[in-house]
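A.B. asks: I'd like to ask you about the structure that follows.
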Amino acid sequence: MKIRCGLMPDVVVKEVERLSPQWFKSVGVRAVAFDVDGTLMNYHEHKVEPEITRYLESLRTAGLKLFIVSNAYFGRAKELEQLFGCFGATVLTPGGVYTGERFESKNLGSKPKPSMLREAAQLAKLKSGEKIAMVGDQMFKDVLSANKLDVAVSVLVARRGKGDFIGIKLLQRPLETLIRTFLPNVPSRWYDFPEEPTFI
């Protein structure tokens, strides 16, 4: 079994669109969990960009099971179901699981706890040897939560958009940038991220 450093991603890539259905399948990934803000869209956007719409549709058409794993609460959590449910994505938030129009209340806890991703892996009904990928832009939340599960592949992408929650922008982002300078082969700035998925 691979020994994993909590903050070290398995894979780095500049943007989610570079993670093709064929690439996921070639590395044994059968389900994909996406963070939203900074990963699929700018912070608290209210519409999905056309290129992300086409991308998610390509994953669904290829038979990959899609999940949104977000620390969103209340109205934003319901909005995520409306934005991404049309792609067949199940939305998991700290307060529960949105599947279609149905909401199941569960206390799943926020990332970096792995409980939302663990729930997604169970819902995906992975077979032996199959993996779920956690794709996100934050090491302290997305990468760390994935690295706590044996069945997960952690994928770090460069942040999408310039918006951010003030606490993340002022504290977490600078600290993550600093930490990445000490991690071998992990890009520290967005422009250093590779165009194609690269295993670390």
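The values are calculated or read from the model by the stated rules, or taken from the named source; none is laboratory data. Values in this document were obtained by computation on a predicted structure and should not be read as measured data. Every residue, glycine as well, gets a Cβ built from its backbone with ideal geometry; the counts of neighbours run over all protein chains shown.
A.B. asks: Looking at region 59-74 only, could you name the residues that are under 19 Å from Gly38 (Cβ atoms) and either in a loop (DSSP other than H, G, I, E, B) or modelled with pLDDT under 95 (or both)?
C.D. replies: Ser70, Asn71, Ala72, Tyr73
A.B. asks: Mind listing just one residue for me: the one in region 175-193 that is touching a residue at least 60 places away in the same chain (Cβ under 8 Å) and aliphatic (A, V, I, L, M) and, of those, surrounded by the most Cβ atoms within 10 Å (Cβ to Cβ)?
C.D. replies: Val186
A.B. asks: I'd like the full set of residues that are part of a loop (DSSP other than H, G, I, E, B), among the charged types (D, E, K, R) and surrounded by 15 or more Cβ atoms within 10 Å (Cβ to Cβ), limited to region 1-47.
C.D. replies: Within region 1-47, Arg4, Asp10, Lys14, Glu15, Asp35, Glu45 meet the criteria.
A.B. asks: Looking at (1) more than 30 Å from Leu178 (Cα to Cα); (2) at pLDDT 95 or above; (3) out of contact with any Pro (no Cβ under 7 Å at 6 or more places or on another chain), find the lone condition where Ser105 falls short.
C.D. replies: (2)
A.B. asks: Then there is this: Would you be able to tell me the number of residues in region 108-163 that are β-branched (Val, Ile, Thr) and either modelled with pLDDT under 95 or over 13 Å from the mean Cα position of the chain (by Cα) (or both)? So that I can check it myself, show each step before the final result.
C.D. replies: Step one: list which residues in region 108-163 are β-branched (Val, Ile, Thr), which gives 132, 135, 143, 151, 153, 155, 157.
Okay, now just the ones that are also either modelled with pLDDT under 95 or over 13 Å from the mean Cα position of the chain (by Cα) (or both), so 151.
Result for region 108-163: 1.
A.B. asks: List every residue pair whose Cβ atoms lie under 8 Å apart, where the two residues are 6 or more positions apart in sequence or sit on different chains, the first residue falls within region 55-82 and is touching a residue at least 12 places away in the same chain (Cβ under 8 Å) and small (Gly, Ala, Ser), and the second residue, located anywhere, is part of a loop (DSSP other than H, G, I, E, B) and crowded, with 20+ Cβ neighbours inside 10 Å.
C.D. replies: Close Cβ pairs (under 8 Å, with a partner that is part of a loop (DSSP other than H, G, I, E, B) and crowded, with 20+ Cβ neighbours inside 10 Å) amount to Ser70/Asp35; Ser70/Val36; Ala72/Val36; Ala77/Ser70.
A.B. asks: Given the conditions (1) touching a Leu at 6+ places or on another chain (Cβ under 8 Å); (2) in a loop (DSSP other than H, G, I, E, B), report the number of the one that Ser145 does not fulfil.
C.D. replies: (2)
A.B. asks: Would you mind stating whether Ser20 is closer than 30 Å to Asn185 by Cα, touching a strand residue (DSSP E or B) at 6+ places or on another chain (Cβ under 8 Å) and not β-branched (Val, Ile, Thr)? Show your work before the answer.
C.D. replies: Details: closer than 30 Å to Asn185 by Cα: yes; touching a strand residue (DSSP E or B) at 6+ places or on another chain (Cβ under 8 Å): no; not β-branched (Val, Ile, Thr): yes.
The answer is no for Ser20.
A.B. asks: Collect the residues in region 89-118 that are basic (Lys, Arg) and either surrounded by 16 or more Cβ atoms within 10 Å (Cβ to Cβ) or closer than 23 Å to Met139 by Cα (or both), keeping them in residue-number order.
C.D. replies: Lys111, Lys113, Arg118
A.B. asks: In region 119-133, what count of residues is obtained for those that are surrounded by 14 or more Cβ atoms within 10 Å (Cβ to Cβ) and touching a Gly at 6+ places or on another chain (Cβ under 8 Å)?
C.D. replies: Taking region 119-133 first, the residues surrounded by 14 or more Cβ atoms within 10 Å (Cβ to Cβ) are 119-121, 123-124, 126, 130-133.
Among the residues that remain, those that are also touching a Gly at 6+ places or on another chain (Cβ under 8 Å) are: 130-131.
Residues flagged as surrounded by 14 or more Cβ atoms within 10 Å (Cβ to Cβ) and touching a Gly at 6+ places or on another chain (Cβ under 8 Å) within region 119-133 amount to 2.
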